[in-house]
């Protein structure tokens, strides 16, 4: 049986008439609604970094393993302890030292080598961590102990100037079982961290 074209036309005409009356703004709203509905199916739009905890220099921040309080940052041509040179002067390079008070809140010795991340400095080279009291190198802090520590990086000479600020990040941690060593250790979060911005001064 042949279809009646008049019936088909009459069945479609209300929808066509409705859509043909839409202006640009109505079409745009419809497209946005479709996009939002689609992104909701995949967890929504990730526009806010909710894993960041900002804190000020002088405030304490706990990452789960350590509690850290940044005191000051300074640029210097070389790092010395009295007459002893810890990191010698290099042409075209300078050192950034960030002084912090670090307390181990855990029950096992804590590693310091990856505790503080200097951000937005692609040419940085981590030097080491030093006790402020005697400038000796320090790799770990025992449980319940507190140390005043200088975290030191080597930078290009023109990377920073006195009066600039640097951004420091500390990843939050959880004490978990590991398959590699069949023991427990502190593991960095993949999403959550603390961040502070500290001004850079001259050495005292």
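The values are calculated or read from the model by the stated rules, or taken from the named source; none is laboratory data. This structure is a prediction, so every number in the text was calculated from the model and none was measured. Using ideal geometry, Cβ is built from the backbone for each residue, glycine included, and neighbour counts are taken over all protein chains shown.
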Next item on the list: May I ask you to list the residues in segment 134-154 that are under 17 Å from residue 72 (Cβ atoms) and modelled with pLDDT of 95 or more?
Entry: 147, 148, 149, 150, 151, 152, 153
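Within segment 71-85, restricting attention to residues that are under 28 Å from residue 60 (Cα atoms) and touching a strand residue (DSSP E or B) at 6+ places or on another chain (Cβ under 7 Å), which residue is modelled with the lowest pLDDT?
Taking segment 71-85 first, the residues under 28 Å from residue 60 (Cα atoms) are 71-76, 79-81.
Still in the list and also touching a strand residue (DSSP E or B) at 6+ places or on another chain (Cβ under 7 Å): 71-76, 79-80.
Details: 71: 97, 72: 97, 73: 98, 74: 97, 75: 97, 76: 95, 79: 90, 80: 85.
Looking at the filtered set, the residue picked out is 80.
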Check: Among 108, 180, 102, 116, which is the only one that is modelled with pLDDT under 95 and surrounded by 14 or more Cβ atoms within 10 Å (Cβ to Cβ)?
Finding: 108
Item checked: Residue tally, condition more than 18 Å from residue 198 (Cβ to Cβ) and in contact with a strand residue (DSSP E or B) (Cβ under 6 Å, 6 or more places away or on another chain), over segment 143-153 -> 4
